[in-house]
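Reading through the structure tokens given below for one structure.
The values are calculated or read from the model by the stated rules, or taken from the named source; none is laboratory data. Please read these numbers as outputs of a predicted model, since none were measured by experiment. Virtual Cβ from ideal backbone geometry, glycine too; neighbours counted across all protein chains shown.
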């Protein structure tokens, strides 16, 4: 049995780790107990200070498949880049260190990859929060097979296919000459569309095997709006759209990016004055102006009116929008899907 297992492709799993001591053991246990055992488990310690580093080292001592890379704190992108550089497997997967997975997830994904002769296999996930039942996300059991153009279009819709790396198994070759943007959040969004475009075929099974954790402290602090993070998200969507337009894969993404940019400016206008925030508004405005070709019919009347005033009479728009929000005191939806 062991020889048969070793004859199967090596899967390199990249796990960025940063100050997740309370959740890390659950995550790592779910990985080392995978029924698909031919694994290279790369733990990238991103300068943890809470004892997570010691947990990583302990797992490396007890399981020869585990390798630990210790780095000064540089963010998730830098950690994932280090993991990519170290990976030697033919196949590649990503797990966030505060999540966990079903013990047969990679067995299942590998089976999909082989059966459908695909370059990427994906499953769905469950939302987990301490003290609450699991929330199942799209566990219909349906199976979808996409070409590279079809998966890009599905990604833009952001419904069936989402911009996250976890819950997927990739052929390692898809990441050649690709790196994650260091210093930016939403690094998945910045890279995944390029990976999908390089693939021949992507298979998605709507069976939930990944457990995405929402922690109590995270749910409390999520309401603290950060324009920089939303700008990073907008920037990744903008770059994705530029790529899609150059590859002539559709026009739907342009409308979404324009709307996202307008919302970003609206949110930032309500923040305390700051040179950094003004810079975000200026850079977003420059990108919005590139979408003047989008018609009122495609954008919608309400957003078209906002765009016109925003681009032609910005100072007036700033006063008008602040006054409007102060008058009605409506809550802003600040979370990104």
Helices (runs of 4 or more DSSP H) contained in the range 201-291 and holding at least 1 residues closer than 30 Å to residue 31 by Cα: 216-221, 227-246
Index of the failed condition, residue 59 passing every other in (1) buried (at least 16 other Cβ atoms within 10 Å of the Cβ); (2) outside any helix (DSSP H, G or I); (3) over 24 Å from the mean Cα position of the chain (by Cα): (2)
Which listed residue is within 22 Å of residue 165 (Cα to Cα) and surrounded by fewer than 20 Cβ atoms within 10 Å (Cβ to Cβ), from 81, 19: 19
Number of positions in the range 85-110 that are under 21 Å from residue 183 (Cβ atoms) and in contact with a helix residue (DSSP H, G or I) (Cβ under 6 Å, 6 or more places away or on another chain): 1
Residue in the range 35-52 that is nearest to the chain's Cα centre (by Cα), counting only those that are surrounded by fewer than 21 Cβ atoms within 10 Å (Cβ to Cβ) and more than 20 Å from residue 106 (Cβ to Cβ): 47
Residue check for residue 115: more than 30 Å from residue 18 (Cβ to Cβ), loosely packed, with under 15 Cβ neighbours inside 10 Å and assigned by TED's automatic domain parsing to the domain that holds residue 178: yes
